[in-house]
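Notes for the one structure printed next.
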Amino acid sequence: MRYITFALAKGRLAHQTLEVLEKIGITCEEIKDKSSRKLIFVNEDLKLRFFLAKANDVPTYVEYGTADIGVVGKDTILEEGRKMYEVLDLGFGKCRMCVAGPESAKELLKHGELIRVATKYPNITKDYFYNKKHQTVEIIKLNGSIELAPIVGLSEVIVDIVETGSTLRENGLVVLEEICNISARMVVNEVSMKMEHERIAKIIQDLKTLYNN
Ligand code: PRP
């Protein structure tokens with residue numbers, strides 16, 4: 001029997017995923033050691049393998065079939081735009097993708113002005129402003145602490161994920177528009193879905209049963 005490989009987004013999402021998988025009998029003891037720097041773990045009995053990858057790279061591993069199954073946020077799925085099946089909403093890692101900024105930026109959005117938008121998510125931002133709002137904007141890609149941009153005058157607004165809202169609040173910013181809801185999703189490689197259908201379909205079915213109870 002060949003290994004079924006999971007690519008998990010390193011960090012909190014991976015630990016939450018493992019807690020859920022454990023409930024359907026999929027376990028991996030050594031991955032639970034949070035101090036470990038190992039990136040690949042194996043459950044020999046179940047013939048399962050786990051990669052801990054950077055969230056943005058999970059869709060890449062799944063599209064190329066290096067991993068059969070991935071668990072990653074919907075934000076990453078939308079941003080990366082990889083070819084794969086999204087099969088399940090796992091319900092954790094919930095947050096919202098939003099346009100945020102100072103209250104005063106509301107007017108700029110209403111009147112479709114040429115504004116600068118800072119974000120870690122240039123593709124989501126482009127799709128939202130160009131295809132949904134039909135507003136031309138200048139997108140500035142940043143890698144973190146996005147809330148800084150409108151405060152220091154790099155951009156008028158940002159597109160970012162909002163979970164509790166405290167980062168915005170503590171920096172004097174507000175949600176101006178909501179783009180979409182985000183949560184962790186299970187994704188499957190298109191070929192694996194056919195070649196390992198029985199084993200993968202069982203995992204999906206067991207999770208669906210768990211979620212419905
Ligand atoms: C994320 C996101 C926001 C913050 C939102 O940043 O980019 O900054 O969390 O969470 P909140 O609504 O609960 O305050 P993250 O902590 O991942 O770090 P980053 O800013 O370096 O991307």
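The values are calculated or read from the model by the stated rules, or taken from the named source; none is laboratory data. Since the model is a prediction, treat every value here as computed from it, not as a measurement. Quick reminder, even Gly has a Cβ in these numbers, built from the backbone with ideal geometry, and neighbours come from all protein chains shown. Heads up: the accessible areas ignore ligands, DNA and RNA and are worked out on the full protein's heavy atoms, side chains in. Shrake-Rupley method; radii C 1.70, N 1.55, O 1.52, S 1.80 Å.
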message: Of the conditions (1) within 11 Å of the ligand (Cβ to nearest atom); (2) over 24 Å from the mean Cα position of the chain (by Cα), Leu108 satisfies every one except a single condition; which number is it?
response: (1)
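Quick check, is Arg96 among the basic types (Lys, Arg), open to solvent by less than 80 Å² (accessible area, probe 1.4 Å) and modelled with pLDDT of 95 or more? Quick ask: steps written out before the conclusion?
Values: among the basic types (Lys, Arg): yes; open to solvent by less than 80 Å² (accessible area, probe 1.4 Å): yes; modelled with pLDDT of 95 or more: yes.
Judged against the criteria, Arg96 is a match.
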- line: Residue pairs within 8 Å by beta carbon, gap of at least six or interchain, first lying in region 153-170 and near the ligand (Cβ under 6 Å from one of its atoms), second in a helix (DSSP H, G or I), listed first then second, are Ile161/Asp75; Val162/Leu168
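Are any residues in region 51-84 aromatic (Phe, Trp, Tyr) and either under 14 Å from Phe6 (Cβ atoms) or in contact with a helix residue (DSSP H, G or I) (Cβ under 6 Å, 6 or more places away or on another chain) (or both), and if so, which ones? Spell out how you get there, then give the answer.
Initially, region 51-84 is screened for residues aromatic (Phe, Trp, Tyr), giving 51, 61, 64.
Of everything in region 51-84, those that are aromatic (Phe, Trp, Tyr) and either under 14 Å from Phe6 (Cβ atoms) or in contact with a helix residue (DSSP H, G or I) (Cβ under 6 Å, 6 or more places away or on another chain) (or both) turn out to be Phe51, Tyr61.
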message: Suppose the filter is among the basic types (Lys, Arg) and without any contact (Cβ under 8 Å) to a residue 60 or more places away in the chain; does Lys23 pass it?
response: no
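Of the residues Ile115, Ile179, which single one is within 16 Å of the ligand (Cβ to nearest atom) and buried (at least 16 other Cβ atoms within 10 Å of the Cβ)? So that I can check it myself, show each step before the final result.
Working: Ile115 fails: within 16 Å of the ligand (Cβ to nearest atom).
The conditions single out Ile179.
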- prompt: For region 27-63, which residues satisfy the criterion of being open to solvent by 80 Å² or more (accessible area, probe 1.4 Å) and in contact (Cβ under 8 Å) with a residue 40 or more places away in the chain?
  reply: Lys54, Tyr61
task: Can you work out which of the residues in region 146-161 that are open to solvent by less than 10 Å² (accessible area, probe 1.4 Å) and assigned to a strand (DSSP E or B) is farthest from Asn123 (Cα to Cα)?
output: Val157
